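Undergrad: I have a structure I would like to understand better, so I am pasting it below and will then ask my questions one at a time.
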Amino acid sequence: MGKQGSFLKRFSDLLISIILLIVCFPLFLIIAVAIKLESKGPIFFLHERTGLNGKTFRMIKFRGMIDNALDFGPGITQVDDPRITKVGRFLRRTSLDELPQLVNVLVGEMSIIGPRPEITNITQNYSTEHKKVFEFLPGITGISQVNGRQMLTPEQRTNMEIRYYSKETFWGDIKIFIKTFYVVVSNKGNI
């Protein structure tokens, strides 16, 4: 939480991710068993995203689709996507599929609060203006996730993120962190 690149932001990212990984470990085990019981394939889905300074990294999520889903459809999830499993629908509805990203935070590829890391097929077409979003460490949650989520176009999301993160504050991040719980529970803006 706080200004991008600051000691306070990195310290709070480490503290929150370690605490949540420990507290959520039993939940991780339950989710892993549920995924394996419903469908074959790995427990986690690693997806290439564009992060800080335009470098790619592999974002970790619980797998919510059939094994090899990318072989059977687009790289972006569609409304009522038939590739999503029953467990996957629950994980997406509750945003529990995002919890493994705490590992991305722990290793410094992501932050708790930051711009949503976009898939590389989209970011390779970013304008010079939109590439400014790469100046900020991507986050598990952030300004666009609590203000429209998946109902925003990549362009709307990026414009909002560049405006917010260039003036980011500790208290602004706290508000986003708290609002995230409301958005997740209400499922507002999710597909």
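The values are calculated or read from the model by the stated rules, or taken from the named source; none is laboratory data. These numbers were taken from a predicted model, which means no experiment stands behind them. Please note: Cβ atoms are built from the backbone with ideal geometry, for glycine as well, and neighbour counts cover all protein chains shown.
Undergrad: Could you count how many residues in segment 89-146 are among the small types (Gly, Ala, Ser) and surrounded by fewer than 18 Cβ atoms within 10 Å (Cβ to Cβ)? Steps first, please.
TA: Pass one, segment 89-146, residues among the small types (Gly, Ala, Ser): 95, 108, 111, 114, 127, 139, 142, 144.
Filter once more, keeping what is surrounded by fewer than 18 Cβ atoms within 10 Å (Cβ to Cβ): 108, 127.
So the count comes out to 2.
Undergrad: Any chance you could count how many residues in segment 164-175 are buried (at least 18 other Cβ atoms within 10 Å of the Cβ) and without any contact (Cβ under 8 Å) to a residue 60 or more places away in the chain?
TA: 1
Undergrad: Sticking with this structure for a sec: Among (1) surrounded by 17 or more Cβ atoms within 10 Å (Cβ to Cβ); (2) among the hydrophobic types (A, V, I, L, M, F, W, C); (3) modelled with pLDDT under 95, there is one condition residue 34 misses while meeting the rest; what is its number?
TA: Here residue 34 clears every test but (3).
Undergrad: Is it the case that some residue within segment 149-163 is modelled with pLDDT of 90 or more, exposed (fewer than 14 other Cβ atoms within 10 Å of the Cβ) and of a type in the set (Lys, Arg)?
TA: Looking through segment 149-163, at least one residue is modelled with pLDDT of 90 or more, exposed (fewer than 14 other Cβ atoms within 10 Å of the Cβ) and of a type in the set (Lys, Arg).
Undergrad: I'd like the full set of residues that are in contact with a Lys or Arg (Cβ under 7 Å, 6 or more places away or on another chain) and either of a type in the set (Lys, Arg) or closer than 15 Å to residue 145 by Cα (or both), limited to segment 81-100.
TA: Hits for segment 81-100 are 97, 98.
Undergrad: Determine whether residue 44 is modelled with pLDDT of 90 or more, over 20 Å from residue 123 (Cβ atoms) and either surrounded by 14 or more Cβ atoms within 10 Å (Cβ to Cβ) or in contact with a Cys (Cβ under 6 Å, 6 or more places away or on another chain) (or both).
TA: On the way: modelled with pLDDT of 90 or more: yes; over 20 Å from residue 123 (Cβ atoms): yes; either surrounded by 14 or more Cβ atoms within 10 Å (Cβ to Cβ) or in contact with a Cys (Cβ under 6 Å, 6 or more places away or on another chain) (or both): yes.
Against the criterion (modelled with pLDDT of 90 or more, over 20 Å from residue 123 (Cβ atoms) and either surrounded by 14 or more Cβ atoms within 10 Å (Cβ to Cβ) or in contact with a Cys (Cβ under 6 Å, 6 or more places away or on another chain) (or both)), residue 44 qualifies.
Undergrad: Out of (1) surrounded by fewer than 16 Cβ atoms within 10 Å (Cβ to Cβ); (2) aliphatic (A, V, I, L, M); (3) not in a helix (DSSP H, G or I), the odd one out for residue 15 is which?
TA: With (1) surrounded by fewer than 16 Cβ atoms within 10 Å (Cβ to Cβ); (2) aliphatic (A, V, I, L, M); (3) not in a helix (DSSP H, G or I) applied to residue 15, the lone miss is (3).
Undergrad: Where the second residue is surrounded by 11 or more Cβ atoms within 10 Å (Cβ to Cβ) and hydrophobic (A, V, I, L, M, F, W, C) and the first is modelled with pLDDT under 75 and lies in segment 49-76, which pairs have Cβ atoms under 8 Å and are six or more apart or on separate chains?
TA: 72/66; 75/119; 76/119
Undergrad: Still on this model: Just to check your reading of the model, which residue among 145, 156 is under 16 Å from the mean Cα position of the chain (by Cα) and under 26 Å from residue 83 (Cβ atoms)? Quick ask: steps written out before the conclusion?
TA: Details: 156 fails: under 16 Å from the mean Cα position of the chain (by Cα).
Sole residue among the options that is under 16 Å from the mean Cα position of the chain (by Cα) and under 26 Å from residue 83 (Cβ atoms): 145.
Undergrad: Being touching a residue at least 24 places away in the same chain (Cβ under 8 Å), of a type outside the set (Ser, Thr, Tyr) and over 24 Å from residue 187 (Cα atoms) is the filter here; which residues of segment 125-158 pass it?
TA: 129, 130, 131, 132, 133, 134, 135, 136, 137
Undergrad: Does residue 21 satisfy being under 16 Å from the mean Cα position of the chain (by Cα) and in a helix (DSSP H, G or I)? Quick ask: steps written out before the conclusion?
TA: Numbers: under 16 Å from the mean Cα position of the chain (by Cα): yes; in a helix (DSSP H, G or I): yes.
Yes: the conditions hold for residue 21.
Undergrad: Right, something else. Are there any pairs with C-beta distances below 7 angstrom linking a residue in segment 87-113 that is on the phi > 0 side of the Ramachandran plot and small (Gly, Ala, Ser) to a residue that is surrounded by fewer than 23 Cβ atoms within 10 Å (Cβ to Cβ) and part of a helix (DSSP H, G or I), with the two at least 6 apart or on different chains, and if so which?
TA: Partner pairs satisfying both residue conditions: 95/184.
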